[in-house]
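Below is one structure, written out as structure tokens, with a few remarks after it.
The values are calculated or read from the model by the stated rules, or taken from the named source; none is laboratory data. None of these values were measured; they are calculated from a predicted model. Don't worry about glycine lacking a Cβ; one is built from the backbone with ideal geometry, like all the others, and counts go over all protein chains shown.
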């Protein structure tokens, strides 16, 4: 479901590539199920619903899209395992509901190269009966990714091979459409990135700042809202869990100081919220929530 928010003079759209199923232990790591199931109830297979959100920003530098979801290249067996329906390019459908087409996107920021963030960057296309080739989903866009994360994606190991798929980014490199950068970037007068290491070596978060208001797209620095409140709740997916904790501590402090609107990428229930001072640690107030639409009998 798409949502629109106004940050000063900048219009932002929170889009979704849809819910999928994932093992709850992956998202909550060492935290016992008895604790995290109070946040989201798993099914008998220990699966929880997970959203896959992107952020579309109408900036003075053009239309900026942050992350691309799974896309439509996943094999049927994988789609079935993830509980994904038969719709293809669900993010593109959300884009259309917001009033835009893929050809209008000027810049695609890939927060990192995991499949659920970069999978929708490319698609298969067959012309006049010729064998299908991989092409960019956003044909005019300049794609941006971090050098350290691209290095990890290009040379995966046994732990990461399943999530780093060359078809998601190699065609962009071959077309000179993927710009490799180092460190924080200024994407527009009101849009910048920051490096938030822990989940990956150079994970990018996105700040939108205009007329004294700001939005922070947290990406995988805090998958679920509860993980920003409880710093020790670190996903098993994070490559450097202790660094993840310190990154969340820093982002939490900055968001509280600036009263930032927080956007969560994977939380199936909480879309946005803000931090407020608490007796010891900041407390989180959800603003936009949604039902998870989860079939617990699956």
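Looking across region 21-35, the residues that are under 25 Å from residue 80 (Cα atoms), surrounded by 14 or more Cβ atoms within 10 Å (Cβ to Cβ) and out of contact with any strand residue (DSSP E or B) (no Cβ under 8 Å at 6 or more places or on another chain) come down to 25, 26, 28, 29. Scanning region 41-64 for residues that are more than 17 Å from residue 267 (Cα to Cα) and in contact with a helix residue (DSSP H, G or I) (Cβ under 8 Å, 6 or more places away or on another chain), we see that the one that is surrounded by the most Cβ atoms within 10 Å (Cβ to Cβ) is 56. Working only within region 7-20, note down all residues that are surrounded by fewer than 18 Cβ atoms within 10 Å (Cβ to Cβ) and within 20 Å of the chain's Cα centre (by Cα). Scanning region 7-20 gives a single hit, 11. The criterion of at least 3 residues that are in contact (Cβ under 8 Å) with a residue 24 or more places away in the chain is met, among helices (runs of 4 or more DSSP H) falling completely within region 1-109, by 24-28, 90-97. Taking the criterion of being surrounded by 22 or more Cβ atoms within 10 Å (Cβ to Cβ) and touching a helix residue (DSSP H, G or I) at 6+ places or on another chain (Cβ under 6 Å), the residues of region 114-156 that qualify are 118, 119, 120, 121, 122, 137, 138, 143. The one condition from (1) surrounded by fewer than 23 Cβ atoms within 10 Å (Cβ to Cβ); (2) closer than 28 Å to residue 124 by Cβ; (3) at pLDDT 95 or above; (4) under 18 Å from the mean Cα position of the chain (by Cα) that residue 4 does not meet is (2).
If you go through region 157-171 and keep only what is modelled with pLDDT of 95 or more and under 19 Å from the mean Cα position of the chain (by Cα), you end up with 164, 165, 166, 167, 168, 169. Any residue at all in region 118-126 that is without any contact (Cβ under 8 Å) to a residue 60 or more places away in the chain and farther than 29 Å from residue 1 by Cβ? Yes, region 118-126 has at least one match. Every test in (1) out of contact with any helix residue (DSSP H, G or I) (no Cβ under 9 Å at 6 or more places or on another chain); (2) free of Cβ contacts under 8 Å to residues at least 40 places away in the same chain; (3) closer than 23 Å to residue 265 by Cβ is passed by residue 188 save one, and that test is (2).
Scanning region 176-195 turns up no residue that is within 17 Å of the chain's Cα centre (by Cα), at pLDDT 95 or above, buried (at least 21 other Cβ atoms within 10 Å of the Cβ) and farther than 24 Å from residue 58 by Cα.
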